Structures are given as structure tokens and as C-alpha cells.
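So the structure is just underneath, and the comments pick up after that.
The values are calculated or read from the model by the stated rules, or taken from the named source; none is laboratory data. This is a predicted model, so every value here is computed, not measured. We place every Cβ from the backbone using ideal geometry, glycine too, and count neighbours over all the protein chains shown. Surface areas here come from the heavy atoms of the whole protein model, side chains and all, with no ligands, DNA or RNA. Shrake-Rupley method; radii C 1.70, N 1.55, O 1.52, S 1.80 Å.
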Amino acid sequence: MKKSLISLSLAMSSVTLAAAQIIGGQVTIGFGANQGQVNGGALLQLLALAQTLVTRLVPFAVGLAILSFFWFLIEFIWKGRADPEAKSTSLKGMGYSILALFVMVSIWGIVGFLGSVTGINQGGNVPIPGVPIPQ
């Protein structure tokens, strides 16, 4: 587990370093034709990259939690009859999988609720407050 977390963090840092190159105190972000943009555009591109990574990793994490739940369920059915230790391990694994799914989905729901309360819809923009002008 520790080795997989270290390799995942190294992969994420290498992607970040490949996308954001620090040159002389200025940040240039992008590949190909987009490379070389400086100032606010660079920061926005870095945030867009982070948003894209998170958007693609969330369904992967949910799918991984579902697959792990079914893996532990299969282990519980096949190995649980003969080995009480395998049965206990499988039950713990299923519990952690359900807990992970619950946490991910509830955070998703809280963010959606806060977005609807503040008026920020998914993929939308923040409404700019203004003073109504009488006609």
C-alpha cells in the first residue's frame, strides 16, 4: 500500500512538472502550441489541468471502490467457509469499501448542495452581483 501511494505521488508530480515548467521565475504551462503563455493565463491553465485530473480521477476512484467491494465479496464467499481469518479479512475489506463509497458520494452531494445554495451550478460560473438599474 505504501509503495503504491509513493508511486502514485511520483506519477502525479512528474505530470505536474511536465505541464508546468519554471523558467526564470515565470511559469510556462502547456504543450505544443500552448506553451509559452505567461502571467494569469498560465495559472488558469494550471488550474484547468488540476480540474481535468480531478474530474477524471473521481469516477476511477468510485469504480475502484466498487470493484474492491465485489472482490472482497467473492473472497468472502469462496474462502470464508474454510478459513475464519479470510472471512474476517473479507468482511473488513467490504466494510472499508462501503465506507469509501459513502465518503465519496456524500462529499459529492455536499459539494452539489453548496453549489446550488450559492448559485454555482456544475460547470457554471459564479453569478456576478450587481445593482439593478431602474428603467
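Of all residues in the range 71-87, which are among the charged types (D, E, K, R) and in a loop (DSSP other than H, G, I, E, B)?
Taking the range 71-87 as the starting set, the residues that turn out to be among the charged types (D, E, K, R) are 75, 79, 81, 83, 85, 87.
Listed by number, the residues that qualify are R81, D83.
Which of (1) open to solvent by less than 80 Å² (accessible area, probe 1.4 Å); (2) at pLDDT below 90; (3) more than 30 Å from A48 (Cβ to Cβ); (4) of a type outside the set (D, E) does R81 not meet, given it meets every other one?
The single condition R81 does not satisfy is (1).
Looking for something in a helix (DSSP H, G or I), on the phi < 0 side of the Ramachandran plot and exposed (fewer than 11 other Cβ atoms within 10 Å of the Cβ) - is there at least one such residue anywhere in the range 95-102?
No, the range 95-102 contains no residue that is in a helix (DSSP H, G or I), on the phi < 0 side of the Ramachandran plot and exposed (fewer than 11 other Cβ atoms within 10 Å of the Cβ).
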